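Notes follow the structure.
Nothing in this text is a laboratory measurement; each read-out follows from the coordinates by a stated rule. Keep in mind that what you see is a predicted model, and the values were worked out from it rather than measured. In this analysis, Cβ positions are derived from the backbone assuming ideal geometry, glycine residues included, and neighbour counts consider all displayed protein chains.
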Amino acid sequence: MPAFSLDPAHTAWCAELRTLAAERLRPLADKGEPGHVNRPLVAELGRLGLLSRLFTSGAVDLCLMRESLAYACTEAETALALQGLGAHPLHSHGTPAQRDRWLPRVTEGTAVAAFALSEPGAGSDAAALALRAEHAEHAELAEYAEHGGAEPDGRPADSAPHGRAPDAEPDGPARWRLTGEKCWISNAPEADFYTVFARTTPGAGARGVTAFLVPADRPGLTGTALDMLSPHPIGALDFDAVPVTADDVLGEVDQGFRVAMGTLNLFRPSVGAFAVGMASAALDATLAHTSRRDAFGGKLKDLQTVAHQVAEMALRTEAARLMVYTAATAYDEGAPDVPKRAAMAKLLATETAQYVVDAAVQLHGARALRRGHLLEHLYREVRAPRIYEGASEVQRGIIAKELYAELEAGA
């Protein structure tokens, strides 16, 4: 079984990241508008060299970055993670031309990426995607027939599309037209490009999905922001016959589910690292508060019920941390049980962080519910990770599936 331990260099780097997050990233985060992409913050992550490390380091380093940043500035952590999630398919499966065009801008922090998988009717069940990638000639013929030989707005079929910027069209002839919706997409609708997963073969389940790199200025692509509990930007996207070409495919046609799952296997443990960072911040705040708060003739920490609660918070946080870095080490070593370990790490860490932050709020009392308090902020941040990138129930399903597959393989 893969093992993990921090060496002195790792420990020093984590301390440096916490300091950078507190001194250089926190002020930029405070100036950002909740629910919108904070481009100055993303650019600073690029200047610090952290975005480039998303693509030059392994899962362990990714987890160390996410945990350290989350401890001092969750907004910076999330901005970093979303750049990685949106651009990792490009890094792993993109053509040289695709990578040359976008990756330098992603690592500089001048282009914002997004991972567009979820839909109104297909969140955790990613194999149920309904966004259609229809062959362009079929889609255009159907549209032509539906409107009696004219475009939908009544223009002759050979007239120029209204309102479409010439430089927004794809470089080559459209091979598919994307039609449908995406929802709960982080960084939408403000990203500069999207990794979009669409159904190219109807009725084929997970085997009929293709990943596309879709610039945000493609004609027919629009989006709206969603007002969510989490402070980072989340939106919905509408695809109205958005043209994509063979040059926009990431990986192979009908193999997009493999692209999505490969990305999630890397990022699920690091979601756990994000959760561990929040739990650690809540734990440290609780230690400080209970050691100085006067109550019942002593300090809060002198009450056995409080001391035992704090011990339980620390126990669970450390167990989650070990699970996260065991999964990350397994990923870096190419272990065969990565899907199981990634699911275990995300499940345990996100559920643990929810428990620890809630317990921290309880021990702080009403002050922790006041707007602007660290724990009020963490309380809003900690809920979403139990849902996105595969809800806790989905992780349990993955774990059970992998366990029974191991049993059958052994038999």
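Odds and ends about this structure:
- Restriction of the chymotrypsin sites (Phe, Trp or Tyr not before Pro) in the range 234-303 to DSSP coil positions whose beta-carbon has at most 16 other beta-carbons within 10 angstrom yields 296.
- Rg and Dmax over the alpha-carbon atoms of the range 258-410 stand at 17.8, 62 Å.
- Distance in nm between pseudo-label sites at residue 401 and residue 302 (7 Å out along the Cβ direction from Cα): 5.5 nm
- For the chain, the mean residue ellipticity at 222 nm estimated from helices alone is -17500 deg cm²/dmol, where every DSSP H run of n ≥ 4 contributes -39500 (n - 2.57) and the total is divided by all residues, rounded to the nearest 500.
- Within the shell of other residues whose beta carbon sits under 10 angstrom from the beta carbon of residue 84, the net charge comes to +2, with Lys and Arg scored +1 and Asp and Glu -1.
- Percent breakdown of C-alpha pair distances by 5 Å bin, ordered from the shortest bin, for the range 219-331: 2, 9, 11, 11, 12, 12, 11, 9, 7, 5, 4, 3, 2, 1, 0
- Residue order, fewest to most surrounding Cβ atoms within 10 angstrom, among 259, 276: 259, 276
- Relative contact order of the chain, defined on C-alpha pairs under 8 angstrom at six or more residues apart (%): 17 percent
- Summing +1 for each Lys or Arg and -1 for each Asp or Glu among the other residues whose beta-carbon sits under 14 angstrom from that of residue 356 gives -3.
- Paramagnetic reach from residue 47 in the range 69-108 [backbone N under 15 Å; point 7 Å along Cα→Cβ]: 108
- Inter-site label distance for residue 393 and residue 22 at 7 Å from Cα along Cβ, in nm: 4.1 nm
- Rel. contact order, % - alpha carbon contacts under 8 angstrom, at least six apart, the range 258-410: 31 percent
- Eligible lysines near residue 346 by straight Cα distance, threshold 17 Å, same-chain separation 8 or greater: 401
- For the chain, the longest principal axis of the alpha carbon atoms and the long axis of helix 392-410 meet at an angle near 90°.
- The reciprocal of the average 1/r between distinct C-alpha atoms defines the Kirkwood hydrodynamic radius, which for the range 42-88 equals 10.4 Å.
- For residue 9, net neighbour charge (Lys/Arg +1, Asp/Glu -1) across residues whose Cβ lies under 13 Å away: -3
- For the range 219-238, backbone nitrogen atoms closer than 20 Å to the point 7 Å from residue 33 Cα along Cα-to-C-beta are found at 222-237.
- Counting neighbouring Cβ atoms within 10 Å and putting the fewest first, the residues 261, 278 line up as 261, 278.
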